[in-house]
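Every number here is computed from the coordinates shown, using simple stated rules; none is lab data. Predicted, not measured: the structure shown is a model, and the values here were computed from it. Please note: Cβ atoms are built from the backbone with ideal geometry, for glycine as well, and neighbour counts cover all protein chains shown.
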Amino acid sequence: MNRSRRLILTAAAISVLGVGLAFSTRLTGTARAAVGPVPPEALALPADSSVVMGFDVKALTGSQFYAKFGGEGEPGRVDALAEIERKTGLNPERDIDSVVIAIRAAAAAAASEPKATGPRHHGPENALIFVTGRFDAARLESSLPEAGKAQKERRDGVTIYREASGKSNGAVALLDAGILVAGDAASVETFLANRSTGHGIRDSQALVAQLESIEPGSTFWAVGGPSVLSRVTSEVGGPAGNLPAVKQVVAYGHLDPEVGMTATAQAADAKSATKIADVLRGFSAMLSLQSGQRAELAQIADSISVATEDEKVHVKATITHELIESLKKSAMAAHARKAEVEIH
């Protein structure tokens, strides 16, 4: 066999191998690489998610910020982590490494509308939650608050626990010893279907672009589209209720040595972006005017910067732990004064 023929056959073999691996990846739902802060195993989250957010839980619970403000009723308490602990019995500080939460537009709308019967659900109750950590099937089953009322199913190597009490349609899927997905049963089934077919977040170019713009190493982050953002601004009221439509928002930040956040909102055009920036600057000015009552408000105002770039609005804020501690003490003092007045 001459050299050129060997080269042709070698190239053909490599091509066939590459196609085979790609096809195998598509079948198993295993992505080759993460998308921004979203790990490969979480890419089966729905492509039509209106909001996707996440936490580096190890960085969060190991931070100085969390040590100071992470307790019950504290400004650093994360409701999503408390919800995971309630649903699964997992301890965020001990068991969890990272969390990704995806909320679809229909779920977000349902979360803000009163039910005809039964309790009203909010936030994580209507979210699909992806968790990585250190737990296995036996431990998870023993940790579930209502394990005795859960229906257990084993399918394609995945253990699924379904709420059987009739109070909700929640489900928890344990993918392996270190990954679980929790949410309503339909959303969990969507995730599992995407996982087996290779569909998910990568099907949305816009969502991929947003996630890839997040700064690597961020402790917390979130991206959102217009369907949820328009609802949020309309419910806030005041100047925010009249803000121009926002096409998308990307936000991320860290907790140590101070709390820092960067956010970019994309409006329809440069004029709309300027109007949004003016409202944000007006909010900052309002805080400064109220600094006579609480000096901390002036420091918060100084920590916020707003700039525009064509149709984009860039917002940055940095707040020290000392300022948060001062705000906490002021809030507690104001609450005590109010309680004293009500008593008398």
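Here the extension length gained between ALA185 and SER326 equals 46.4 nm, from 0.36 nm per residue of separation less the Cα-Cα distance. For the range 260-273, backbone phi angles converted through the Karplus equation (6.51, -1.76, 1.60; θ = phi - 60°) give residue-by-residue couplings of x, 9, 10, 9, 10, 10, 10, 9, 6, 7, 5, 5, 5, 4 Hz, Gly and Pro being listed as x. Below 14 Å, Cα to Cα, which aspartates and glutamates can LYS312 reach? Residues fewer than 8 away in the same chain don't count. Within reach: ASP269, ASP278. Annotation: peptides 297-310, 89-102, ranked by per-residue average of other Cβ atoms within 10 Å with the highest first, follow the order 89-102, 297-310.
Converting phi to 3J(HN,Hα) with the Karplus coefficients 6.51, -1.76 and 1.60 and the offset θ = phi - 60°, the range 150-161 yields 9, 8, 9, 9, 10, 9, 6, x, 10, 9, 10, 10 Hz in sequence order, with x at every glycine or proline. Maximal additional length on extending the GLU215-ALA138 stretch stands at 24.0 nm, based on 0.36 nm per residue less the C-alpha distance. For the pair GLU74 and ARG337, label points projected 7 Å from Cα toward Cβ lie 2.6 nm apart. Per-residue 3J(HN,Hα) values for the range 37-42, derived from phi via the Karplus relation 6.51 cos²θ - 1.76 cosθ + 1.60 with θ = phi - 60°, read x, 7, x, x, 5, 8 Hz in sequence order (x marks Gly and Pro). For GLY198, the residues whose modelled amide H falls within less than 5 Å of its own, excluding neighbours fewer than 5 places apart on the same chain, are GLY29.
Using a simple spin-label model with pseudo-atoms 7 Å out from Cα toward Cβ, ASP302 and GLU258 lie 0.9 nm apart. Here the calculated FRET efficiency for LYS58 and SER196, from their Cβ-Cβ distance with R0 = 30 Å, stands at 0.55, rounded to the nearest 0.05. Label positions at ASP310 and PHE283, each projected 7 Å from the Cα along the C-beta direction, are separated by 2.5 nm. Scaling the Cα radius of gyration of the range 257-322 by the globular reference 2.2 N^0.38 Å produces a ratio of 1.21.
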